[in-house]
1. Would you please name the residue that is surrounded by the most Cβ atoms within 10 Å (Cβ to Cβ), looking only at residues in region 85-123 that are of a type in the set (Asp, Glu) and touching a residue at least 24 places away in the same chain (Cβ under 8 Å)?
2. Pairs, please: C-beta under 6 Å, at least 6 apart or cross-chain, first residue under 17 Å from Val20 (Cβ atoms) and in region 42-62, second crowded, with 23+ Cβ neighbours inside 10 Å and charged (D, E, K, R)?
3. Please enumerate the residues belonging to region 209-225 that are under 17 Å from the mean Cα position of the chain (by Cα) and either at pLDDT 85 or above or not in a helix (DSSP H, G or I) (or both).
4. With respect to Val13, determine if the residue is under 22 Å from Pro210 (Cα atoms), of a type in the set (Val, Ile, Thr) and not in a strand (DSSP E or B).
5. Residues to consider are Tyr118, Tyr101; find the one that is closer than 19 Å to Gly64 by Cβ and among the hydroxyl-bearing types (Ser, Thr, Tyr).
6. Select, from Ala216, Ala198, Ala242, the only residue that is out of contact with any Ser or Thr (no Cβ under 6 Å at 6 or more places or on another chain), exposed (fewer than 14 other Cβ atoms within 10 Å of the Cβ) and of a type in the set (A, V, I, L, M, F, W, C).
7. As an exercise: evaluate Glu70 against (1) modelled with pLDDT of 95 or more; (2) surrounded by 22 or more Cβ atoms within 10 Å (Cβ to Cβ); (3) of a type in the set (D, E, K, R) and give the number of the one condition it does not meet.
Amino acid sequence: MRVLAITNNKGGVGKTTSAVSIGAALQRQGARVLMVDLDMQANLTNNLGGELELVSHVGDALIGAVPLAEVILTTESGLDLVPADFRLASYEPIIYKQKDYHTRLASVLATVQGAYDYVVVDCPPSLQTFTYMALVAADAYLIPTEPEKFAFDGLRLVKELADQIERRINPGLQFLGVFFTRYNAKQRNSMHAAVVQAVREEYGEDVLLPSVRRDAAVVQSQVHVKTIYDHKPDSNAAVDYAALAEIVRARLA
């Protein structure tokens, strides 16, 4: 079982959309996929679960109140989901006080080892407790971003935290790369080119993954509470996320 964290310190960069779409693409490619929502905004849960009634959520599993297996829900898309809830905010100080809190997610995920090929974790747009736990538990991480200056700054902060975790706690943590979301080749301006070049110079060519094109089908799929593949599997975004999923599989093989 391989754990993939999708993370960025900046919100609004397509992080949750990317988590849902990469997870759905991996599933379509034959993998058993578990989605984990670590964001108290619960956007991943709302994207996949719609009107699901939650009895428990990821916070309950992290504090040991219930086994992870009892939290997992199967969504209409066929993806299994560990949901989040706005109440997750009140769990953070409880988790933080636990001994070896940073390994809590890794320990909880170990209880479903063998049931899934991939676990895709949607991290909150911050570098605090939940993102820290995700990177400790992860085999690898991806950073979705937009070709803007502030988004690049967020990328740098995530990379610094991940490097620290790799040195101190999780030496096997792998940086799979950066990809740009909502890409529009027709509007490729000087700022876009400058950010792409900055990423290339700072992290190397191999870190730049294929971009995801701007596509109205993404927003439409969210309105209908469906994955891009259940809504419009031949759309540009669906094709682009499938290509990213293939790269994930190859690099985590």
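The values are calculated or read from the model by the stated rules, or taken from the named source; none is laboratory data. Model, not experiment: these values are computed from the prediction. Don't worry about glycine lacking a Cβ; one is built from the backbone with ideal geometry, like all the others, and counts go over all protein chains shown.
1. Asp122
2. Leu44/Asp37; Leu44/Asp122; Thr45/Asp37
3. Within region 209-225, Leu209, Pro210, Ser211, Val212 meet the criteria.
4. Here the answer is yes, as Val13 does meet what is asked.
5. Unique residue meeting the criteria: Tyr101.
6. Ala216
7. For Glu70, the failing item is (2).
Condition check ((1) within 16 Å of Leu4 (Cβ to Cβ); (2) of a type in the set (D, E, K, R); (3) surrounded by 20 or more Cβ atoms within 10 Å (Cβ to Cβ)) across all residues:
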position: Pro144; (1), (2), (3): yes, no, yes
position: Arg156; (1), (2), (3): no, yes, no
position: Glu160; (1), (2), (3): no, yes, no
position: Glu166; (1), (2), (3): yes, yes, no
position: Pro171; (1), (2), (3): no, no, no
position: Phe175; (1), (2), (3): yes, no, no
position: Phe179; (1), (2), (3): yes, no, yes
